[in-house]
Amino acid sequence: MSPERFIPGKESSERTSKVILTLNNVSVSKGENEILSGVNLNITQGEHAALVGSNGVGKTTLFEVITGDEQPDDGSVLVSRGLNIAYVPQSIENVFPKDQEHTVLEYFLHARGLDVIQRRMHELETVFTQQKTGLEAELDEYGELQTIYQFKGGYTIESDAKAILDGVGLPENIGLGTMVSNLSGGEKTKLFLAQALISNADLLLLDEPSNHLDPDSVAWLGDYLRSYRGAMLVISHQPTFLNAFTEKVIELSLEDRGAFTYTGGYESYEAQKAQRDFEREKTAMRTDAEIARLQEQADRFRAGVHSKTSKDRQKKIAKIEADRTTRKRKEKVIRIGFEVETQSGYEVLKTSDLIKRYGENTLDYSNINMDIIRGEKVAIVGPVGAGKSTLLKIIAGVIEPDEGTFIIGNKVDIGYYSQEMEDLNVDNTVLEEMRSIAGAESDQRLRTFLGAFLFSGDDVFKPVGVLSFGERSRVMLAKLALGKHNFLVLDEPSNHLDVASRNSVAHMLKEYAGSILLVSHDEEFMEGIGLNKIIRLPDGTVFQL
């Protein structure tokens, strides 16, 4: 009897508690910056876990430690022998194959480890057509290869691949015979996620996998991961997405100096975390009261015959302080708004029959002629590939349209947030990046301003290139806030932000007195902004809110 095929999306009925990954007291520093400190965690076979924590706490670095791309300064990483890990980072620029002269199907065959098997089977089939006798060894080998091919899902890979390509939202014109080299950057990002899903990996490491997906694809991915048979560790700042498939949440915290594990889904994590923080606060208050009582006695007995008693009380206070559990500090949030220096004219933006061409690909915006007035907040939504980012680049003046016109109103000052954040100079420090647009602002004023965006102390001297994507996002937002623009053109500004920062930015935009043109796939983020209208691409449907 041949072994059961490992089917993606098929839920396991034989979940074991075998530990496949262990981190023991792992610490990582980069220069003088401590990224991870004393992290302990276990992942068992088939376990679905989320990795959460604020921006810059070291989540991506932890993934790099697991894959071996980053070596820990202390501690150990234990991985089960033969464990197949599929890692999808936030940016695929450095991991996507350089040789792209393959079809999509060939790319998937390689991901599942089927290409070498298939090649050998074809070689043997050629032998069979040329020689009819004396092939017992070849026939045995072919039979074994067929069994392995079936076990790895070779006979259903085309149907599996089509379902996954559709699920992640790749256009219908991209088929299994499409050359990988012909895909756009966004399409390659989705393809990289798709090949990880189809690889049947024992452990998926997904770093913000929903960032480049539209809402329908995010929902599909949540459902797919819920029934995925292998184990996974997923970084995301979208609670609804995580709640679809997680059964354990691991929180990284610099404050707690390590990782804390919560059993259950994301909603359960939020409830347990709130209760844990409440109990810690109660304990801290009791400790404060005891310290105050002992201090009062120490002060009263400080002089005279009771001085020994005073010293005894001081020793008790010192021991309590050394042993006490750290009070949970209030979560830091961005604490500044977007101001407007000069009010724009009443008409902010008017577009007419815009068209942009990229080779044979034409983006036609003639059915969404926009007329934005002062104070309006407009979102553009639609599937990946519909041209949302390109439209914003035209409005921001980054690229020129091939046809049509757009008019920027009187006294309109555009502040543009690019999804790729290519405006950042990775060689600059955070402070130098702010200085590049700051005019006559003093360094002290800039440091105070950066503090409102959670860059305190020596954080302002970190090179932009070592920051997490979430921290880079905060630098971009700080530059926008410093500019005091009256028209914000924002392309996926919430993509890399942690939950607290995302909610803060949504509130800032809701209170903002200027105009907004926004692209986002984050429905919860958009709900918090107070939009006036939503325009859906590619059909141009307008929803008044």
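Bear in mind these aren't lab numbers, they're just calculated from the coordinates by the rules spelled out. As the structure is a prediction and not an experimental result, all values here were calculated from the model. Cβ sites come from the backbone with ideal geometry, for glycine too, and all protein chains shown count toward neighbours.
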Any idea how far the Cα center of the range 160-197 sits from the one of the range 55-103, in Å? 21
Within-13-Å neighbourhood charge of Val95 [Cβ basis; K, R +1; D, E -1]: -2
For Phe461 and Ile437, FRET efficiency with R0 = 22 Å and r from the beta-carbon atoms, rounded to 0.05? 0.75
A correct Karplus calculation of ³J(HN,Hα) over the range 236-253, with 6.51 cos²θ - 1.76 cosθ + 1.60, θ = phi - 60°, whole Hz and x for Gly and Pro, returns 7, 10, 10, x, 4, 4, 5, 5, 6, 9, 7, 10, 7, 10, 10, 9, 8, 8
Per the 1/(1 + (r/R0)^6) rule, R0 = 45 Å and r from the Cβ atoms of Asp402 and Glu270, FRET efficiency to 0.05 is 0.40
Expressed to two decimals, the range 223-292 has a Cα Rg over Rh, using the Kirkwood radius, of 1.13
Can you give the extra length, in nm with one decimal, that the chain gains between Asn24 and Asp353 once fully stretched, where that is 0.36 nm per residue apart less the Cα-Cα distance? 112.5 nm
Nearest 20 debye, what's the magnitude of the dipole of the chain about its Cα centre given +1 on Lys and Arg Cβ and -1 on Asp and Glu Cβ? 2740
Quick one: if you stick a label point 7 Å off each Cα along the C-beta vector at Ser184 and Asp299, how many nm between them? 6.8
How many lysine pairs in the range 440-545, separated by 8 or more positions in sequence or lying on different chains, have Cα atoms less than 23 Å apart? 4
For n ≥ 4 DSSP H runs only, could you compute -39500 (n - 2.57) per run for the chain, divide by its residues and tell me the 222 nm figure to the nearest 500? -11500 deg cm²/dmol
Would you list, by chain and number, the lysines whose Cα falls below 17 Å from the Cα of Lys311, excluding same-chain residues fewer than 8 positions away? Lys319
Take the alpha carbon atoms of the range 334-386, find their center, do the same for the range 480-545, and report the distance between the two centers in whole angstrom. 12
Rg [Å, one decimal], Dmax [Å, integer] - the range 347-544, C-alpha atoms: 17.2, 51
Say R0 is 56 Å: what FRET efficiency, to the nearest 0.05, do Glu281 and Glu144 get from their beta-carbon distance? 0.35
Under 12 Å from the Cβ of Arg313, count the other residues' Cβ atoms, weight Lys and Arg +1, Asp and Glu -1, and hand me the total. +4
If you average the C-alpha positions of the range 391-425 and of the range 205-240 separately, how far apart do those two centres end up, in angstrom? 31
Stretchable slack from Ser307 to Asn532, in nm (0.36 nm times residue separation minus alpha-carbon distance): 73.9 nm
Below 18 Å, Cα to Cα, which lysines can Lys190 reach? Residues fewer than 8 away in the same chain don't count. Lys98, Lys162, Lys388
I want to check the label-to-label distance for Lys484 and Val542. Put each point 7 Å from Cα in the C-beta direction and report it in nm to one decimal. 3.3
Straight-distance crosslink candidates among aspartates and glutamates, where the alpha carbon sits under 18 Å from Lys316 and sequence neighbours closer than 8 are dropped: Asp288, Glu290, Glu296, Asp299
Just need the Rg to Rh number for the chain, please, alpha carbons only, Kirkwood Rh. 1.05
With an 8 Å cut-off on Cα pairs and a minimum separation of 6 or more residues, tell me the relative contact order of the range 393-511 in percent. 36
Starting from 0.36 nm per residue, how many nanometres of slack lie between Asn367 and Ile336 once their C-alpha separation is accounted for? 7.4 nm
Out of the DSSP beta bridges found with both residues in the chain, what percent are antiparallel (nearest 5)? 50
